[in-house]
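Enquirer: Okay, handing you the structure first.
The values are calculated or read from the model by the stated rules, or taken from the named source; none is laboratory data. What you see is a predicted model, and the numbers here were worked out from it, not measured in a lab. Here the Cβ positions follow ideal geometry from the backbone for every residue, glycine too, while neighbour counts run over all protein chains shown. Remember, those area values only see protein heavy atoms, side chains included, never the ligands or the DNA or RNA. Shrake-Rupley method; radii C 1.70, N 1.55, O 1.52, S 1.80 Å.
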Amino acid sequence: MKDFHVVVLIKPSPDIEKVKFDTVRGVVDRSSAPLEINPFDLNALEAAAQIKEKLGGEITAISMAPPMAEPVLKDAIARGADRAILLTDKRFAGADTLATSYTLASAIKKLGKFDLIICGEKTVDGDTAQVGPEVAEHLGIPHVAYVSRIEGVSKERLLVVSDMGVPYLMELRLPGLITVTKDVNKPRLPTLRDKLKARKTKIEVWTADDLADVADVNRFGFSGSPTRVVKAFVLTEKKRKGVIFKGEDAVDKLIEVLEREGILR
Amino acid sequence: MSEYKGILVFSEQRDGDIHPISFELLGKAREIADKKKCEVYSVLLGYQMREKAKELIYFGADKVFLYDHPLLKEFDVINYKQNMVNLIREEKPEIVLIGATPLGRSLAPRIAAALKTGLTADCIDLQLDENGELIQVRPAFTGNLIAHIKTSTRPVMTTVRYKVFKARERDLTRKGDIVEKEVEIVEDVGVRVVRKESVEVVNISDAEIIVSGGRGLKKPEDLKILEELANLLGGVVGASRPLVDEGWISKDHQVGFSGNIVRPKLYLACGISGSPQHLAGMRDSEIIVAINIDPSAPIFNVADYGIVGDLYEIIPKLIEKLKNRKRGVKG
Ligand SMILES: Cc1cc2nc3c(=O)[nH]c(=O)nc-3n(C[C@H](O)[C@H](O)[C@H](O)COP(=O)(O)OP(=O)(O)OC[C@H]3O[C@@H](n4cnc5c(N)ncnc54)[C@H](O)[C@@H]3O)c2cc1C
Ligand SMILES: Nc1ncnc2c1ncn2[C@@H]1O[C@H](COP(=O)(O)O)[C@@H](O)[C@H]1O
């Protein structure tokens, strides 16, 4: 029987805690924080690692990102990926979710073999949660989003709990795609040995030309992106009253305002 | 491109009930359509929902496309997508609005990818520019950035956050057509619901009053005092992520970027620092009250009212006074 092959899609994203925003120009200073694995994609990698422990096989991590994202893919290797592919090319730049998902799906087609694709729930910079289901559509495979538990795995199907407000137990036939929430597992930290292995593993770099035989290159990047940001600004918090109550009668004062605001009747 | 006309609202149903977001979207669609002088359509996929379809007209639709089939009763992402794609190809709406619920956010990207059109996620406002083009307003970067987005392909597809728009008054005199459409069923879609898990979940995004606890709590049992306070106020208990990750409380209570987005009348944050990821879930609450021992906690930057102090002193006092107040005792 053939080896079970899991593809994990990993977005190199800035650490939101550290990244600086230019309030005047309404842009993100991307040099202010190094790239790291999007936090939800750590759960995706861990899910893949746990499935591999059961079924054996191979894990491939794929990212579409600038060349500076290479260390992020090394980290993916340290966390369980056997192989890592960085899709990087000026022609991929400026991609919205449609172009991103098309590019990632094209790379998966190029790989040729896969049984399961795992994505994070969403990214901390894009916040869209769209790329996963769009990849599934491009590849014509079923998907289950918001997976919060993996109940059972075999080479043919997956039994998962999907958190759709109410949890649903779902069966997914493979090949298929899931997007996972942070509740699906607790990602392990890589050991020193894992890190050493990662250091020795070469990251494969693919460009638009490498995908030309399986894809329409016009659908990559800016030219393949129907949505455009026409304006962006750093969020300014709504003006709040900011009244602080202190001392003995603070609680009484709070009750008073809650009455005045119509909360207490 | 100009052959694309009208606004199509996807009506989400679960167990035969229409999700309130569908009515909110109809309200906004009506407003945009009146400016653009076009029609509002709604689409409902389900089983034996003809009576319910009338509601969509009462709330603002001019025409409802009804897809009625036993296999559409439960959410089936492939068959829902297939019939939505068929409808959009036939009717060519200029704008398609879908609720940014988990169902909507799982379905919309498949439709958009199939149609090769743009999709904007989780919008908090929709505007028209001077040319009548849709501007989609959405947060990005964990809520730190607000972006205005335009789409060059048709239809323009958008998922919209729950509770940002108001539904119109239900108007029983409104007239409209219910058009039954032929259902296409894809056999063997490869994914199926085994069962709905029978666990109690709080619907925190519908709550008017939320009393939330964070890492300022010392042990799981202490959530009981928040529960008591929430009961007195007629609200529900929320939590920051660490309490959920520690297993103190279930995920349906979690507020924030990786939990639920809430907009209650009152959000009372107890022992919560106010991280960007937490604010992303509650910053649009009507009134925010914070109780925190640290006067420099960022939560105070977004609070209308705050008490600097130990929650273990303040909350029992608050509970006692609220009880007395109920009994009609002063002081
Ligand atoms: C990708 C990602 C997603 C995330 N999603 C979420 C999310 O959805 N929701 C969320 O909440 N977090 C989320 N987080 C975590 C977030 O970054 C913070 O770690 C978390 O919100 C902190 O929770 P807290 O405020 O309860 O704890 P802390 O930051 O530790 O704050 C505890 C507060 O309690 C106060 N305190 C201590 N003792 C007392 C006392 N006796 N009386 C009164 N006050 C007291 C302290 O002064 C402090 O301000 C996410 C993080 C990441 C990376
Ligand atoms: N550029 C990218 N490279 C690899 N995977 C991505 C990329 N963008 C998004 N993804 C995957 O899609 C998920 C959802 O991303 P998003 O739609 O941006 O919220 C992420 O958690 C990743 O698994």
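Enquirer: Looking only at the range B:113-154, which residues are open to solvent by less than 20 Å² (accessible area, probe 1.4 Å) and in contact with a Gly (Cβ under 7 Å, 6 or more places away or on another chain)?
Expert: Scanning the range B:113-154 gives B:140, B:151.
Enquirer: Can I ask one more? Return yes when residue B:246 is open to solvent by 40 Å² or more (accessible area, probe 1.4 Å) and over 24 Å from residue A:246 (Cβ atoms) and no when it is not. Spell out how you get there, then give the answer.
Expert: Working: open to solvent by 40 Å² or more (accessible area, probe 1.4 Å): yes; over 24 Å from residue A:246 (Cβ atoms): yes.
Answer is yes for this residue.
Enquirer: Being of a type in the set (S, T, N, Q), more than 14 Å from chain A (Cβ to nearest Cβ) and in a loop (DSSP other than H, G, I, E, B) is true for just one of B:153, B:173, B:142. Which residue is that?
Expert: B:173
Enquirer: Does the range B:208-233 hold any residues that are in contact with a strand residue (DSSP E or B) (Cβ under 6 Å, 6 or more places away or on another chain) and within 13 Å of chain A (Cβ to nearest Cβ), and which are they?
Expert: B:209, B:210, B:211, B:229, B:230, B:233 - these are the residues of the range B:208-233 that are in contact with a strand residue (DSSP E or B) (Cβ under 6 Å, 6 or more places away or on another chain) and within 13 Å of chain A (Cβ to nearest Cβ).
Residue by residue, here is whether (1) away from chain B (no Cβ under 12 Å); (2) within 10 Å of ligand 2 (Cβ to nearest atom); (3) farther than 21 Å from residue A:132 by Cβ holds:
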site: A:5; (1), (2), (3): yes, no, no
site: A:10; (1), (2), (3): yes, yes, no
site: A:13; (1), (2), (3): no, yes, no
site: A:41; (1), (2), (3): yes, yes, no
site: A:65; (1), (2), (3): yes, yes, no
site: A:78; (1), (2), (3): yes, no, yes
site: A:83; (1), (2), (3): yes, no, no
site: A:87; (1), (2), (3): yes, yes, no
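Enquirer: Where in the range A:151-239 are the strands (runs of 3 or more DSSP E), entirely inside, with at least 1 residues that are in contact with a helix residue (DSSP H, G or I) (Cβ under 8 Å, 6 or more places away or on another chain) and in contact (Cβ under 8 Å) with a residue 60 or more places away in the chain? I'd like the intermediate steps shown before the answer.
Expert: Working: elements: A:157-164, A:166-173, A:176-180, A:204-206, A:227-234.
Strands (runs of 3 or more DSSP E) meeting the threshold: A:176-180, A:204-206, A:227-234.
Enquirer: Which pairs have Cβ atoms under 6 Å, sit 6 or more apart or on different chains, and link a residue in the range B:162-191 that is within 19 Å of residue B:56 (Cβ to Cβ) to one that is of a type in the set (Val, Ile, Thr)?
Expert: Matching pairs, first to second residue: B:162/B:21; B:174/B:57; B:176/B:57; B:178/B:64.
Enquirer: Next question. Quick one: how many residues across the range A:18-61 are open to solvent by 20 Å² or more (accessible area, probe 1.4 Å) and over 17 Å from the mean Cα position of the chain (by Cα)? Let's see the steps before the verdict.
Expert: Taking the range A:18-61 as the starting set, the residues that turn out to be open to solvent by 20 Å² or more (accessible area, probe 1.4 Å) are A:18, A:20-25, A:27-32, A:34-36, A:39, A:42, A:50, A:52-58.
Remaining after also requiring over 17 Å from the mean Cα position of the chain (by Cα): A:18, A:20-25, A:27-32, A:50, A:52-58.
Summing the residues that are open to solvent by 20 Å² or more (accessible area, probe 1.4 Å) and over 17 Å from the mean Cα position of the chain (by Cα) in the range A:18-61 gives 21.
Enquirer: A further question follows. Identify the residue in the range B:249-267 that is open to solvent by 40 Å² or more (accessible area, probe 1.4 Å) and more than 12 Å from ligand 1 (Cβ to nearest atom) and, among all such residues, is nearest to the chain's Cα centre (by Cα).
Expert: B:263
Enquirer: From the list A:21, A:4, which one is farther than 26 Å from residue B:277 by Cα and among the aromatic types (Phe, Trp, Tyr)?
Expert: Answer to the selection: A:4.
Enquirer: From the list A:111, A:116, exactly one residue is surrounded by 23 or more Cβ atoms within 10 Å (Cβ to Cβ) and more than 16 Å from ligand 1 (Cβ to nearest atom). Which is it?
Expert: Details: A:111 fails: surrounded by 23 or more Cβ atoms within 10 Å (Cβ to Cβ).
Unique residue meeting the criteria: A:116.
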